[in-house]
Amino acid sequence: MEKRTSIFTNGMIWFGVAISVSEIVCGIEIGEAAKLENIWFPLILGHVLGGVMLYFVGLIGARVRVNAMETTASTFGKYGSKFFAFLNLLQLIGWIAVLNAQGAMALAGLKLPISFPLTCVLLAVLIAAWVFVGLRKTAKITTVVMGLLAVLLVVLTAKLFGVEPASGAASHAAAQFGFWTIFEISIAMPLSWLPVISDYTKDVEKPVAATAVSAGAYTLASLWMYFIGLQIAGLGVGTDIAQAILLAGIGIPGIIIVALSTVTTNFLAANSAGESAKAIYGKLNPKVAGVVVCCLSTILAIWGIVDHYISFLYLIAAVFAPMAAVLLVSYFFVKEHLEQKGFWIWNLIAWAAGFAVYEIAVNTGVEFIGPTILAVVVSAALAFAAKLKK
């Protein structure tokens, strides 16, 4: 009998996914460019809506027992599935590179006697080794690591409350973030994991409960990371997380937080990159592909991809928010449409329309609604229209 993962294990996995330097940096970006009283509603709303989408997308994988990109075959057909698997593979290579670079930059700020490129390489080696061993063989170790990380983060959060802001830290940037900008930066993080979550929910014992705990654990932990970022934003150290850790006076535990958070998050991303590679070409070994992805990501990290971080988040949302909208509508509401010949062409058109709307909204500065919600509504409406054509 195939071994399934427990509710607790999945909760710990997705708690660990959210604990990353990237999430903290997003909180800092928001905290430096918006007034505190204007932050909370769009920040929480973005996380909640993103978490809801994460749950329903993950539930599909849990029910049909296939990986994330293979779930899209029922909606976009064989070739559409491979298309999204390819896009997901590319975004995961970039995403791992961003996370690796941010982790290495934070560690460099702690004055360790190793260079930035070497730090990137060492982090990649740890991640590649974990991927090659596999999640199931390291489940207990993963749980212990997440527990340690949670304790260290509680200490960091408490310590940050006692740090005095630097001179001039209270002033805000001239360009203030509005409601929808905060919302977009907030929802972008859970959306970035939409094409990944089913890689892990496909193996759960209890689909509904385990998926709910996974999405809930991620959402709460992500909000926590943004909150830490908001705390750091008030210290006047910019995105220098290492400096904030030093000001908090936690030294070596701070180094452990940065290293573990980078490795735990990137392990899940690299593992899923291997699954996407397998969805493109079934004979590929996902573990070997995951290791290759770690190597490619390290090159990008050293090259300087982190400079394009926020733009990269927007691109991920533009691709995968409308994809998820079409997938959810097709799976839960328009199943009979999937029996029609050439159904996948219509669904790809629905996705393309959402993608185009998102890009137009971002580039024209639409302010009455966020580009993510606009893209999701357009793609979902077109996908549902297939039901009305019958």
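The values are calculated or read from the model by the stated rules, or taken from the named source; none is laboratory data. Being a predicted model, the structure only gives us computed values, none of them experimental. Methodologically, a virtual Cβ is constructed for each residue, glycine included, from the backbone with ideal geometry; neighbour enumeration extends over all protein chains shown. The area values use the complete protein model at the heavy-atom level, side chains included, leaving out ligands, DNA and RNA. Shrake-Rupley method; radii C 1.70, N 1.55, O 1.52, S 1.80 Å.
Of the residues ALA386, ALA375, ALA353, which is on the phi < 0 side of the Ramachandran plot, in contact with a Gly (Cβ under 8 Å, 6 or more places away or on another chain) and of a type in the set (A, V, I, L, M, F, W, C)?
Values: ALA386 fails: in contact with a Gly (Cβ under 8 Å, 6 or more places away or on another chain); ALA353 fails: in contact with a Gly (Cβ under 8 Å, 6 or more places away or on another chain).
ALA375 is the lone residue from the list that is on the phi < 0 side of the Ramachandran plot, in contact with a Gly (Cβ under 8 Å, 6 or more places away or on another chain) and of a type in the set (A, V, I, L, M, F, W, C).
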(message) What pairs come out if I take residues in the stretch 107-121 that are within 19 Å of TRP303 (Cα to Cα) and pair them with residues that are of a type in the set (S, T, N, Q) and surrounded by 18 or more Cβ atoms within 10 Å (Cβ to Cβ) whose C-beta lies under 8 Å away, six or more apart or interchain?
(response) LEU107/THR119; ALA108/THR119; GLY109/GLN243; CYS120/ASN100; CYS120/THR298; VAL121/THR298
(request) Considering only the stretch 28-75, state which residues are within 14 Å of the chain's Cα centre (by Cα), open to solvent by less than 40 Å² (accessible area, probe 1.4 Å) and over 23 Å from TRP346 (Cβ atoms). (result) GLY46, HIS47, GLY50, GLY51, LEU54, GLY58
(message) Need pairs with beta-carbon distance below 8 Å; first residue more than 17 Å from PHE15 (Cα to Cα) and aromatic (Phe, Trp, Tyr) and within the stretch 128-143, second modelled with pLDDT under 70 and in a helix (DSSP H, G or I); sequence gap 6+ or separate chains.
(response) TRP130/THR138
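Does ALA277 satisfy being among the small types (Gly, Ala, Ser) and at pLDDT 80 or above?
Considered against the rule, which asks whether it is among the small types (Gly, Ala, Ser) and at pLDDT 80 or above, ALA277 comes out as yes.
When residues of the stretch 266-315 are filtered for being of a type in the set (Ser, Thr, Tyr), touching a residue at least 40 places away in the same chain (Cβ under 8 Å) and under 30 Å from ILE360 (Cβ atoms), how many remain?
First, pick out the residues of the stretch 266-315 that are of a type in the set (Ser, Thr, Tyr): 272, 276, 281, 297-298, 309, 311, 314.
Pick out the ones that are also touching a residue at least 40 places away in the same chain (Cβ under 8 Å) and you get 272, 276, 297-298, 309, 314.
Now restrict to residues that are under 30 Å from ILE360 (Cβ atoms): 272, 276, 309, 314.
Of the residues in that region, 4 qualify.
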(request) Looking only at the stretch 271-291, count how many residues are among the aliphatic types (A, V, I, L, M) and touching an Asp or Glu at 6+ places or on another chain (Cβ under 6 Å). (result) 1
(request) Report yes if GLY254 is surrounded by fewer than 22 Cβ atoms within 10 Å (Cβ to Cβ), touching a residue at least 24 places away in the same chain (Cβ under 8 Å) and of a type outside the set (S, T, N, Q), otherwise no. (result) no
(request) List every residue pair whose Cβ atoms sit under 9 Å apart, with the two residues 6 or more apart in sequence or on different chains, where the first one lies in the stretch 82-105 and is open to solvent by 20 Å² or more (accessible area, probe 1.4 Å) and the second, anywhere, is of a type in the set (Asp, Glu). (result) MET105/ASP240
